[in-house]
Amino acid sequence: MTGPADRAARWAARLLALDPRGLGGVVLRGAPGPLRDALFDALRALLPPTAPWLRCPLQVDDGSLLGGADLALSLAAGRTVVQPGLLARAQGGVMVLPMAERAGAALAGRLAQALDEGGFLLVALDEGQGPEEALPVCLAERLGLCLETCAPEAAWPEPPPGDRLPEVRERWRQMRFDDPTAQALDACAMALGIGGLRAPWQAWCAACAVAAWQGHAQVTHEDAELAARLVLAPRARALPPSGDSADAAQRPADAGRESPSTPPEADPAGTRDAHPPDTAAEPDERPAQPLDERLIAAAQAAMPADLLALLASGAGPRRGASGGRQGQATRAATAGRPLPSRRGPPRGAQRLDLIATLRAALPWQGARAQERMRQSLPPAASRWQIRRDDLHVRRHQRPAQTTTIFVVDASGSQALHRLAEAKGAVELLLADCYVRRDQVALVAFRGAGAEVLLPPTRSLVRARRALTDLPGGGGTPLAAGIEAGWRLAAGLQSREGARAQLVFLTDGRANVDRQGQGGRAQAMADARQMARQFGGSGMPSLLIDTSVRPQPESAELARLMRARYLALPQGRPQALHQAVTAML
């Protein structure tokens with residue numbers, strides 16, 4: 001492999017080997033392939049043969065990551081034996097974080113703190129597909145370089161041989177700070193919507209490393225362009241506000257650098273400066289365009305086509321796992337993915353973590369035995385002296401269990417064709433719930449009251465069957481429908497790790513009160529009162545107006561319920577599905 005991707009990977013490896021503390025590491029976005037292999041091969045060739053190369057599993061515990069007392073070895077040796085963790089063993093080498101887009105906040109925070117202290121390179125393998133699958137922000141900000149498998153096939157200069165690293169490192173140590181270049185990198189970052197000072201500083205570190213590898217005594221414009229392509233382009237969150245940004249995106253990254261064998265274009269207007277052959281200016285002295293504009297053009301040329309389209313549409317790229325359904329989880333006492341133990345005595349259903357308790361008590365055994373001797377107390381009956389401060393309890397984490405409750409108006413005020421459209425929309429939403437592994441429930445109200453036709457289930461077949469068999473006709477006990485859905489949701493949320501959201505489909509016209517008696521005035525009063533009480537619960541909800549024309553009663557009901565209001569599009573269940581997906 002000798003294409004542009006291979007040269008980009010070798011450039012990234014050379015910069016990381018030269019300045020690991022300033023750049024921190026690299027993010028590799030995309031599926032495994034030649035780019036990943038090229039980077040790993042180049043890094044191994046540049047680092048010492050004895051440099052450690054470790055993988056950090058996502059489920060690593062604090063003891064394995066940070067190190068600590070080894071209980072088994074300590075018991076065998078009769079003294080405290082401390083084992084180094086992954087972070088200590090990775091010093092001077094490389095740590096690879098697979099499936100980095102799924103890293104939890106605790107692991108990301110530990111790694112970010114270790115990167116601030118320096119000592120190793122982190123290679124984060126980001127294989128996220130959707131907008132909710134992205135590297136945690138605290139890690140993405142600390143990894144200076146980013147390579148993407150879908151990056152455009154832009155021209156990359158051939159990197160110098162790697163065996164010159166000692167000579168390059170000596171030149172890099174003597175590199176001087178260049179204020180205009182640093183300001184241009186900062187302006188480029190601002191134009192691309194990159195906040196903070198970390199990214200411009202990393203771009204400057206990369207530019208210094210490029211200059212050292214290229215044999216330059218100071219950073220040139222070409223060095224800064226290469227750094228902008230590696231550091232700033234993948235982080236862009238906006239396109240420059242300039243009207244020329246679209247033209248700049250089409251310029252190649254090496255704009256202004258013609259091959260010596262290619263004659264320059266004609267310039268009849270004489271707008272270019274003429275240089276005699278014996279006094280030709282250096283590449284970074286040619287006033288083709290301001291440096292910040294060249295950097296922006298180079299960064300835009302290095303952006304993948306999908307990122308450019310996303311920025312052009314006004315939407316930002318995917319952010320880290322700090323929100324959305326992907327990162328939702330809840331703490332549990334007895335079940336789920338294990339979390340690091342917490343110091344403290346067990347309470348309620350919590351369980352004692354015996355290993356963590358013994359590990360916490362181990363370093364104090366000698367001191368506690370001497371304390372008993374000083375106090376003239378008899379030796380302890382047990383070899384172990386466990387105190388309250390040593391106790392640790394187990395913790396678990398499991399994905400939040402979400403139940404979507406559909407409360408459907410099946411009364412006679414619903415025209416049959418509108419009820420059929422509502423059923424079609426609900427079926428589309430049911431399919432989304434199935435994909436997200438959510439539970440679904442179905443509540444119908446008609447006649448004199450409401451009933452739960454389908455208890456919470458993950459069975460899409462059962463849900464569709466209950467929806468298909470839903471009859472229509474009779475009065476509209478709207479208050480009873482709101483109350484039935486609310487009671488079901490409250491019962492679900494009382495369980496550990498559960499949440500509920502409700503989708504009401506109704507035309508908002510009640511004619512049966514809470515006692516099952518007819519009368520529109522009292523029925524509407526009961527419905528408003530129940531809606532007001534439901535709104536105070538703060539449960540997420542959506543009210544879909546199934547009337548042929550949107551009714552003010554439905555909008556008022558949604559306001560009292562503090563629910564989002566949406567009118568059912570005429571004959572367009574797919575449009576409703578697209579609108580509701582944002583809430584669900």
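None of the figures in this text is laboratory data; all of them are computed from the coordinates on show. Since the model is a prediction, treat every value here as computed from it, not as a measurement. Neighbour counts are summed over all protein chains in view; Cβ atoms, including those assigned to glycine, are modelled from backbone coordinates with ideal geometry.
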### Task
Lys and Arg at +1, Asp and Glu at -1: add these up for the other residues within a Cβ distance under 14 Å of Leu377 and post the number.
+2
### Query
If R0 is 56 Å, what FRET efficiency do you get for Leu352 and Ala555 from their C-beta distance, rounded to 0.05?
0.55
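Excluding Arg564 itself, calculate the net charge of residues whose Cβ lies under 15 Å from the Cβ of Arg564, where each Lys or Arg counts +1 and each Asp or Glu counts -1.
Once positives and negatives cancel, what remains is 0.
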### Query
Could you give the nm distance between label points at Ala31 and Ala431, where each point is 7 Å from its Cα heading toward the beta carbon?
2.4 nm
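List the relative contact order of region 48-188 as a percent without decimals, with contacts defined as Cα pairs under 8 Å and 6+ residues apart.
For region 48-188, the relative contact order is 20 percent.
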### Task
Sort Glu427, Glu141, Glu170 so that the residue with the fewest other Cβ atoms within 10 Å of its own Cβ comes first and the one with the most comes last.
Glu170, Glu427, Glu141
### Message
Please compute, for the alpha-carbon atoms of region 1-151, the extent along each of the three principal axes and give them in descending order in Å.
### Response
59, 37, 25
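In what order do Cys56, Cys208, Cys188 fall by count of nearby beta-carbon atoms within 10 Å, going from fewest to most?
Arranged by neighbour count, lowest to highest, Cys56, Cys208, Cys188 become Cys56, Cys208, Cys188.
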### Task
Please work out the FRET efficiency for the pair Leu377 and Arg198, using the Cβ-Cβ distance as r and a Förster radius of 56 Å; give the result to the nearest 0.05.
0.50
### Query
Which ordering of Thr468, Thr404, Thr149 is given by a fewest-first count of other beta-carbon atoms within 10 Å?
Thr468, Thr149, Thr404
### Query
What spacing in nm lies between the two simple spin-label points modelled at Gln493 and Gln183, each 7 Å away from Cα in the Cβ direction?
5.5 nm
## Note on the structure
Extension length gain for Met99 and Arg562 (0.36 nm per residue less Cα distance), in nm, is 162.8 nm
### Query
Taking the Cα centre of region 445-517 as the origin and placing charges on Cβ (Lys, Arg +1; Asp, Glu -1), which of Ser494, Gln517, Ile482 is farthest toward the positive end of the dipole?
Ser494
### Query
If you place +1 on the Cβ of every Lys and Arg, -1 on the Cβ of every Asp and Glu, and leave all else neutral, what size is the dipole of region 1-151 about its Cα centre, to the nearest 20 Debye?
460 debye
